[in-house]
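See structure below.
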Amino acid sequence: MNLEIRHETEDEHFIVEQLTREAFWNLYVPGCDEHYLVHRMRSHQDYVPELSFIAVKNGNIVGSIMYTRSFIENEEKERIRTLSFGPVCVHPDHQRQGIGSALIEHTRKIAEGMGFPAIIILGDPHNYCKHGFRNGVDLNISMYGGMQPLGLLVLEMNGGIGRNGKYEYKGSEVYALDPEEVMEFDRRFPFREKRHHYSQDLFSMILRSRVEKSM
Ligand SMILES: CC(C)(COP(=O)(O)OP(=O)(O)OC[C@H]1O[C@@H](n2cnc3c(N)ncnc32)[C@H](O)[C@@H]1OP(=O)(O)O)[C@@H](O)C(=O)NCCC(=O)NCCS
């Protein structure tokens with residue numbers, strides 16, 4: 001497979017947004033908002049352009065991963081800077097060929113070189129445990145407010161996070177999208193029907209499921 005992993009150029013922005021829409025449409029909710037997230041993220045203060053890459057297969061953009069800055073905070077309100085990625089996606093016609101893994105591995109190495117202690121994401125563990133992600137509960141990390149969902153996943157790097165005390169995770173505010181703005185933005189794309197799919201129920205369960213600490 002002829003796969004190139006590189007940064008996107010400005011004139012590829014819309015293509016990456018289209019790809020993102022194709023990959024996420026009806027997957028986690030009816031329709032999706034990730035294409036607007038990609039659009040907003042690029043100009044947000046938390047965006048990390050040096051870690052954001054596209055995958056190009058035979059000259060076509062087929063995958064994308066984008067990173068933002070995040071942090072964890074201990075009970076003394078001391079913060080440790082972390083990284084988060086998402087959206088990560090591969091066009092449905094090119095999934096299950098190792099492209100998503102290549103994007104994660106490529107960026108993980110660079111993130112490690114930048115000295116961060118962890119990448120923290122909210123996602124389906126099925127996609128990430130194979131890359132070494134562990135549930136937050138086993139590292140004493142919860143969401144802000146204490147929730148410990150199945151989808152809170154942490155990949156430690158560079159010696160990781162200490163085991164002294166509890167931490168709460170806070171992702172970038174860029175993820176809080178205005179549904180009205182999403183609908184407005186979506187008008188730039190060809191019409192697609194919003195539908196229910198069982199994957200939406202599955203993801204909702206992942207976000208609401210709580211994990212017990214291992215014995
Ligand atoms: C999640 C996503 C990015 C993964 O991308 P991908 O390119 O399909 O990922 P990979 O090909 O590296 O791995 C997927 C599976 O294919 C398998 N695979 C990899 N290369 C393969 C090959 N040549 N032949 C057969 N299977 C292969 C992997 O082992 C993996 O198997 P698993 O599901 O049993 O673990 C992609 O499915 C996607 O875009 N999904 C929609 C958007 C999304 O959900 N993003 C994540 C948000 S949480």
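What follows is calculated from the coordinates using simple rules that are stated; it is not laboratory data. Just so you know, these numbers come straight off a predicted model, no measurement behind them. When we count neighbours, we look across all protein chains shown, and the Cβ atoms used for this are built from the backbone with ideal geometry, even at glycine.
Tabulated results
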{"item": "Spatially near lysine pairs across the chain, Cα under 24 Å, sequence gap of 8 or more or different chains", "result": "11"}
{"item": "Rg to Rh quotient for region 1-120, alpha carbon positions, Kirkwood Rh", "result": "0.99"}
{"item": "Under DSSP loop assignment and at most 13 Cβ neighbours within 10 Å, longest chymotrypsin sites (Phe, Trp or Tyr not before Pro)-free interval of the chain", "result": "1-143"}
{"item": "Estimated translational D of region 18-85 in µm²/s (Stokes, Kirkwood radius over Cα pairs; 4 °C; 1.567 mPa s)", "result": "94"}
{"item": "GLU76/MET215 FRET efficiency (R0 35 Å; Cβ-Cβ; nearest 0.05)", "result": "0.80"}
{"item": "Rg [Å, one decimal], Dmax [Å, integer] - region 113-215, C-alpha atoms", "result": "16.7, 51"}
{"item": "Radius ratio Rg over Rh of the chain, counting only Cα atoms, Kirkwood formula for Rh", "result": "0.96"}
{"item": "Around GLN148: net Lys/Arg minus Asp/Glu count, Cβ-Cβ under 9 Å", "result": "+1"}
